[in-house]
Structure formats: C-alpha cells, structure tokens
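A.B. asks: Below is a structure I'd like to ask you about.
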Amino acid sequence: MMHTSDYIAKYKSRFIEELMAFLRIPSISTMPEHKQDIKQAANFIKDQLVAAGADKAWIIETTGHPLVYGEKIIDRQLPTVLVYGHYDVQPAEPYELWNSKPFEPLIKGDKIFARGAADDKGQFYIHVKALETMIATQSLPCNIKFLIEGEEEMGSGSLTNFLEDSANHNLLQADAILVSDTTIISMDQPSLTTGLRGIVYLEVTLTGANRDLHSGVYGGAVANPINILCKMLAALHDENGHITIPGFYDEVPDLTVAERAELNSIPFDLEAYKQTLGINEVIGEKGYTTLERVGIRPSLDVNGIWGGYIGTGAKTVLPSQAHAKVSMRLAPNQDAQKVMNAFVSYFSSLAPKGTQVAIKPYHGGCNAVVLDKNSLAFRAAENAFETVWGKHPFTTREGGSIPIIAKFKEKLGTDAVLMGFGLDTDAIHSPNEHFSLIAFFKGISTVIKFYENLAALYKK
Ligand code: BES
Ligand code: MN
Ligand code: MN
C-alpha cells in the first residue's frame, strides 16, 4: 500500500486541476443571478465526495442555498469528526482591480489566484483530498462527516434553520468539528485560531424630500440626506475610537493582564503590517494594541455608502435619499440581537427633524466564539502542526466571523477546531485573492496527521 505522502505526490497535478474546476464556478451567494452556479458548486462537491470514496453524499435542499452532506463511516467505535466548510464566495467587484479574471484561476509561482481560492474553496478542498488520500491508502483512522453550505458569506441562515431542528442532530453527531476557514501567522509559523468575533450587519437609508431636487433652487433650505448621513455615521465613534452607542460596551469583558499578555505574545511586526497595507499609521480604540483591536475588541465600520449622482461630470442635485451598509464586529459575551436593537434605537435618534431613517438588518448576525484549547481534538491539531510544519502552533484570536461556529456549540454542544491554512495577505474578499499551493498541500498532510493523532488519543 502506498504511503499517504507518495499518493499526494503522485496525484498532485490532478488535485490542482480539480481545485481549479471548483474555482471556475462563480458561486456568489448574495447575487440571485448566480443561483445556478450555487447549485453547480453544491453538486460538484457532492460528486467529489463520492469520487473521494465517501459511502454516500447528498444535497439537502433548503429555502435558500443547498447544503451538501457526505460521510465515510468505518467503525462506530472510532471517533467521528464533522468537517464544515462553505462553497459560496463573496462578489468579485471591483473587477478592474484584478490582474487576472476572478473565475479563471491562474497559477503564478506557488500561488493560485481566484475568488474563493483561500475563502473557502481552496481551504475546504484540502479536506476532500485528505479524505481521498486516506481512503485510497487505507489509512483512515476515524469516521468523517462533511457538511458544506452555500450561505456562509450571507450569514448562514439556512444552515442555522437546519440546526434548529433537533431531528437533524443525529446526522451531525460528532466528537469534534474541524474547520479550515481561518489563517495561520505565516508560512514559517503555524497557529490555531481559538476565537472569532461576532457580527451584526445592517443597511441604513436616510430620506429627506420626496424627490431629488435642484441643489441651487433648494440647497441650504432643505435637508440633504447625504450631508446628514455622513454626520450621523461619524457620530458613531468618539475621538478615542470608542463606539458611542449607549450600552454598547456593557457586556464586553475587561481583559485580564494575563489575557492581554497572551494575545500580544504572538509574533507580530507592526511596521511590516503597515507597509503591506501602504499606510503610515494604524488607528483604533485608544489604549489597545492592533492585535487586541482586531482579535478581541468590538468595532464598527461603514462597508459602503451611496446616494445622489455618481456618474460622469457634475450634476447639481440635492438627493432625496442616502444609504450606507454598516457592520459591527462583536466581542465575546456581546449578544448580536441586543447590539442590533441598540444600534437601531441610537441611530434613529441621531436623525434630525425633516428626515426619516429606515434600517434593515441583512441577517441575524452571530455572536463571538471562544474555543476550548484543552480538548483531545485541539491537542491532535496542535501536534499535527508541530509534526508537519516543524513548529508548535501559537494560538490566535481572529477578527473575522464564521456564524455557524457558535450555533454548533449551542445546538450540538461541540466546539470546533479552527485549523486554517490561509494568510492575512491572501486578499480574501478583495481583488486578487489567492492561496498558497504549498499551504494547500501542507494542509492535506496536516489534516491527515490530525486524524491519526485523534484516533490515537481516543484509544488511550
Ligand atoms: N472565512 C471568513 C472568516 C474569517 C476570515 C475568519 C479570516 C478568520 C480569518 C468567512 O468566510 C467570512 O468572511 N465571514 C463573514 C461572515 C459574515 C458575512 C456573516 C465575515 O467575517 O465578514
Ligand atoms: Mn470563509
Ligand atoms: Mn468570507
């Protein structure tokens, strides 16, 4: 029987070609015109799981985008791992800033460029190829279940509904949940993510007059919703970078000296950070380091703002409406619903007479998670990194959100292990997203080692 590393080496180019086929599907979950592509991506994964040797795999229809489930059960006495990932991607706009087409994957050096390369198709595909390799080399030591969704980038509504129904819990029962949808510190320094921030996302619309007006005839006499919206948004932070929504910090825990020391102990070069971003200074909440600001403190950002005339040339218009998309990242212990309500009442109160505010949430949001560092699965992951990457992994707290992780804990009682292989510089959600193929192949070996370790730990 072939060793796993020989098997991976032998089929290396096929693995890459398959990943490229996956990346060619523009499965953008938030755009209704891509519904067929979403379907195609779900079917692609289902077929790939079967081809890898899963006992069975099927599509689970939802009121939104389909889920894909697959499993390989070898022995009910052995530990079972649930692998979660998402096949949906973010929109690729702005297209003109891409050096290659977002849905025509391109390999340059050791990197593969495409929307979804790192988030999350490339990272998730590691698990499909790890499964294939272990089955083909008869070295699979655990039972594996796969659950892949197509709505992660829009809040995981359908999967949340699926989890709300306890009739589905048996299907998903597992000793550990394994997810590759986060980052490591660098290619020289692996890490495991032990916390993610939560999120609340809303769109606000401010309306003034009942139609667009001539800015000469009416300017200075009637509320301009753009002028006012900018002021309202600016009022959401004070001069110290604190969020001004009343009660916003009530549930945010104070960090202990030890927690702060741990958070700041990971290798982090602020100068290099600024340099890669092309900025000469960082900003943020006063009294906190950059790692604390993104890892553990809440934040509020305008994600988009529009209104009035933005076409070529000047048009003298006093717009009737102005719009903005606003997101808040939440610290552990903050409740997404409570934060949403607090935002709605405070933001509405900022609107002066003569204007009206409408606020619509995009999804239920999610709470932050802090994960168990003492579980057998976490130890199996630590050791897998140590073996394959030659260094003990640091633990990190990341600022991004994966909505279903908190729901898994709540509904199934199981913590996830966030064994990501991305890098901060992969440009996820940005033009020229890419993923290191070295990380991809090291990822396959790391995942295989994880299963080996987990089976051994359960035997003890
Ligand atoms: N994989 C990311 C989350 C992430 C990125 C975690 C980097 C840690 C490091 C995920 O796909 C994502 O983008 N989530 C969204 C969730 C939202 C749309 C509900 C996010 O964080 O914006
Ligand atoms: Mn992701
Ligand atoms: Mn994402």
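A.B. asks: What percent antiparallel are the DSSP beta bridges of the chain, to the nearest 5?
C.D. replies: Close to 70 percent.
A.B. asks: Send over the semi-axes of segment 301-354's equivalent ellipsoid, whole angstrom and largest first, taken as the square roots of 5 times the C-alpha gyration tensor eigenvalues.
C.D. replies: Working: eigenvalues 192, 48, 6 Å².
In descending order, the three semi-axes are 31, 15, 6 Å.
A.B. asks: Suppose a student asked you for the relative contact order of segment 252-386, using Cα pairs under 8 Å spaced at least 6 residues apart; what percent would you report? Walk me through the numbers on the way to the answer.
C.D. replies: On the way: 95 pairs, mean separation 26.3, N = 135.
RCO, segment 252-386: 19 percent.
A.B. asks: If the label point is 7 Å along Cα→Cβ of LYS39, which residues in segment 53-75 have backbone nitrogen under 15 Å from it?
C.D. replies: Those under the cut-off are 59-67.
A.B. asks: Taking the Cα centre of segment 107-183 as origin and charging only Cβ (+1 Lys, Arg; -1 Asp, Glu), how large is the dipole, in debye to the nearest 20?
C.D. replies: Working: 6 positive and 12 negative charges, 93 e Å.
The dipole magnitude comes to about 440 debye.
A.B. asks: Right, another one. Filter the trypsin sites (Lys or Arg not before Pro) in segment 270-372 down to the DSSP loop ones having no more than 13 other Cβ atoms within 10 Å, then list what survives.
C.D. replies: LYS286, LYS315, LYS353
A.B. asks: Quick one: divide the alpha-carbon radius of gyration of segment 1-49 by 2.2 N^0.38 Å and tell me what you get.
C.D. replies: Rounded to two decimals, the normalised Rg is 1.50.
A.B. asks: A follow-up question, please. FRET efficiency for ASN240 and ASP372, Cβ-Cβ distance as r, R0 = 30 Å, nearest 0.05?
C.D. replies: Numbers: r = 34 Å, r/R0 = 1.14.
That pair, ASN240 with ASP372, gives E of 0.30.
A.B. asks: In the P(r) worked out for segment 72-201, what percent of Cα pairs fall beyond 19 Å?
C.D. replies: 62 percent
A.B. asks: Is there a pair in LYS39/LYS274; LYS286/LYS411; LYS39/LYS111; LYS12/LYS39; LYS338/LYS411 whose C-alpha atoms are over 29 Å apart, and which pairs would that be?
C.D. replies: Exceeds cut-off: LYS39/LYS274; LYS286/LYS411.
A.B. asks: Turning to a different aspect of this structure: Starting from the 7 Å offset along Cα-to-Cβ, what nm value, one decimal, do you get for the label separation of LYS325 and ALA21?
C.D. replies: Result: 3.2 nm between the two label points.
A.B. asks: On to the next question. Give the residues of segment 88-106 whose amide nitrogen is closer than 17 Å to a point set 7 Å from the Cα of ALA51 in the direction of its Cβ.
C.D. replies: In segment 88-106, the label zone of ALA51 (backbone N under 17 Å from the point 7 Å along Cα→Cβ) covers 105.
A.B. asks: Hey, got the Cα dimensions of segment 58-118 along the principal axes, in Å, largest first?
C.D. replies: For segment 58-118, the Cα extents along the three principal axes come out at 52, 35, 13 Å.
A.B. asks: Please work out the ratio of the alpha-carbon Rg of the chain to 2.2 N^0.38 Å and round it to two decimals.
C.D. replies: So the Cα radius of gyration is 1.04 times the expected 2.2 N^0.38 Å.
A.B. asks: For TYR95 and LEU171, what does the FRET efficiency come to when R0 = 41 Å and r is the distance between their Cβ atoms, rounded to the nearest 0.05? Show your work: numbers first, answer last.
C.D. replies: Values: r = 40 Å, r/R0 = 0.97.
According to the calculation, E is roughly 0.55.
A.B. asks: Relative to the compact-globule scaling 2.2 N^0.38 Å, provide the ratio for the alpha-carbon radius of gyration of segment 137-222.
C.D. replies: 2.04
A.B. asks: Stokes-Einstein diffusion coefficient for segment 228-294 at 25 °C in a medium of 0.890 mPa s, Rh from the Kirkwood formula over Cα pairs: what value in µm²/s?
C.D. replies: Translational diffusion coefficient: 172 µm²/s.
A.B. asks: Thinking of segment 355-428 as a set of Cα atoms, what percent of all their pairs are more than 20 Å apart?
C.D. replies: 48 percent
A.B. asks: Work out Dmax and Rg for segment 146-282 from the C-alpha atoms and quote the Rg first, both in angstrom.
C.D. replies: Every Cα atom of segment 146-282 included, Rg and Dmax give 23.1, 69 Å.
A.B. asks: Compute the Cα gyration tensor for segment 112-181, then decide on rounded, prolate or oblate, letting a ≥ b ≥ c be the square roots of its eigenvalues: rounded whenever a/c is under 1.5, prolate when a/b is larger than b/c in the other cases, and oblate in all that remain.
C.D. replies: Because a/c hits 1.5 or more and a/b fails to exceed b/c, segment 112-181 counts as oblate.
A.B. asks: Which helices count as membrane-span-like in the chain under these terms: full DSSP H, at least 18 Å along the axis by C-alpha, Kyte-Doolittle mean of -1.0 or more? Mind showing how you got there, number by number?
C.D. replies: Working: long enough: 35-52 (26 Å, -0.32); 121-136 (22 Å, 0.31); 336-350 (21 Å, 0.58); 376-389 (19 Å, 0.30); 437-459 (34 Å, 0.86).
Answer set is 35-52, 121-136, 336-350, 376-389, 437-459.
A.B. asks: Please work out the FRET efficiency for the pair LYS315 and ARG260, using the Cβ-Cβ distance as r and a Förster radius of 60 Å; give the result to the nearest 0.05.
C.D. replies: Here the calculated transfer efficiency is 0.70.
A.B. asks: Let me ask another. Counting each DSSP H run of 4 or more residues in the chain as -39500 (n - 2.57), what helix-only mean residue ellipticity at 222 nm follows after dividing by all residues, to the nearest 500 deg cm²/dmol?
C.D. replies: -10500 deg cm²/dmol
Every read-out reported here was derived from the displayed coordinates using simple, explicitly stated rules and does not represent laboratory data. Because the structure is predicted, anything quoted here is derived from the model rather than measured. With ideal geometry, Cβ positions are generated from the backbone for all residues, glycine too; neighbour counts draw on all protein chains shown.
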